[in-house]
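Everything on this sheet refers to the single structure shown next.
The values are calculated or read from the model by the stated rules, or taken from the named source; none is laboratory data. On a predicted model such as this, the values are computed, not experimentally measured, just so you know. Note: accessible area is taken over every heavy atom of the protein model, side chains too, but ligands, DNA and RNA are not part of it. Shrake-Rupley method; radii C 1.70, N 1.55, O 1.52, S 1.80 Å.
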Amino acid sequence: MADEKHVPLLGHRAVVTGAGRGIGRCIALALADAGADVGVTARSEAELEQVVSEIEARGRRGLAVACDVTDSQQVQTMATTLLSGLNSIDILINNAGNAGSHKFLNHPDELWHRMLAINLTSVYYVCKAFVPTLVEQRQGRIITIASIASRVGERYIAAYTASKHGVLGLTRALAAEMLPYNVTVNAICPGYVDTPMTDQSVQNIIARTGMTQEKARAALENTSPQHRLIKPEEVAAMAVYLSLDISKGITGQAINIDGGGLMS
Ligand code: NDP
């Protein structure tokens, strides 16, 4: 029989958005390692199917539903399918997101709206779709992958920063409203993490500055006092911790994982 200490989330069911690669994939696998069945969603079906097979290889149930989380109708259909396929859920990880950068002078409106849609409005849609179930069960965990850009301002990323500050506001407001229902709501705020999204940021730096690959990557590593990128596993471990019963006293919090760049 499985040792509960090693699978503390046995019997729990989670949904992870943006789970096809990067941080989301890593969280989905860490939740499965901890014993949970996991529903995964993103737009690329092939990546989701790969993650489902990795979840199943861990002896857990995996279920994939393709969905663009910026579309409220698709989110509703995705939630209905996962809630029925997994027979309810009690852990929701809002991870899907995207970064874009531009100087504020001549900032494209399209970038502003795209950043708010994928990093903020999508979290609103996804929470709205799953919160009634968590409230009804009087049990739940909502964990949003925000960013260190939720806590500080930085040049060239006005839209991303505004969207990530917004998602922290949503986290705190929802945490207050969920207090009577035994549902905690928290955010994790990483610095640069070693994922395909950061690979893209490196390419953008190279395109704009002509830096070498090595120098562009070092520029991002050096934004951390530890001079390194955070590993997706570090973010995933915190998401698992916040999903455990023992973490029930933690709600409305924003937890930085940024190598000590921001100490508050
Ligand atoms: P990746 O680009 O590596 O992965 C993003 C995931 O989100 C993919 O599975 C992608 O799948 C999915 N996704 C993107 N857009 C949509 C959409 N419209 N609908 C559904 N799914 C979508 O990103 P990371 O793993 O690096 O980032 C994950 C989260 O962590 C984001 O919210 C990001 O802002 C945050 N973060 C990342 C940091 C970093 O340095 N990497 C630092 C701080 C925070 P698909 O394209 O198939 O839809």
Heavy-atom accessible area ranking, 1.4 Å probe, most first, across E47, E233:
E233, E47
Per GNM of the chain with C-alpha springs under 10 angstrom, the most fluctuating residue out of N106, N98, N222 is N106
For the chain, the accessible surface attributable to carbon and sulfur atoms (probe 1.4 angstrom, ligands and nucleic acids excluded) amounts in percent to 52
Residue among L105, L48, L168 with the largest mean-square fluctuation in a Gaussian network model of the chain, springs linking Cα atoms under 10 Å:
L105
With a 1.4 Å probe and every protein chain left in place, tell me how much accessible area R60 has, in Å² to the nearest 10.
60
Please list, in order along segment 63-76, the HN-Hα scalar couplings obtained from phi with the Karplus expression 6.51 cos²θ - 1.76 cosθ + 1.60 (θ = phi - 60°), rounded to whole Hz, x for Gly and Pro.
9, 10, 9, 6, 6, 8, 6, 8, 10, 4, 5, 5, 5, 4
Could you rank T80, T121, T198 by how accessible they are, 1.4 Å probe, largest area first?
T80, T121, T198
Report the Stokes-Einstein translational diffusion coefficient (µm² s⁻¹, integer) for the chain, Rh taken as the Kirkwood radius over Cα pairs, at 10 °C with viscosity 1.306 mPa s.
85
Send over a whole-number figure in Å² for the accessible area per residue of segment 10-160, probe 1.4 Å.
44
For the chain, what does -39500 (n - 2.57) per DSSP helix run (n ≥ 4), summed and divided by total residues, give at 222 nm, in deg cm²/dmol to the nearest 500?
-14500 deg cm²/dmol
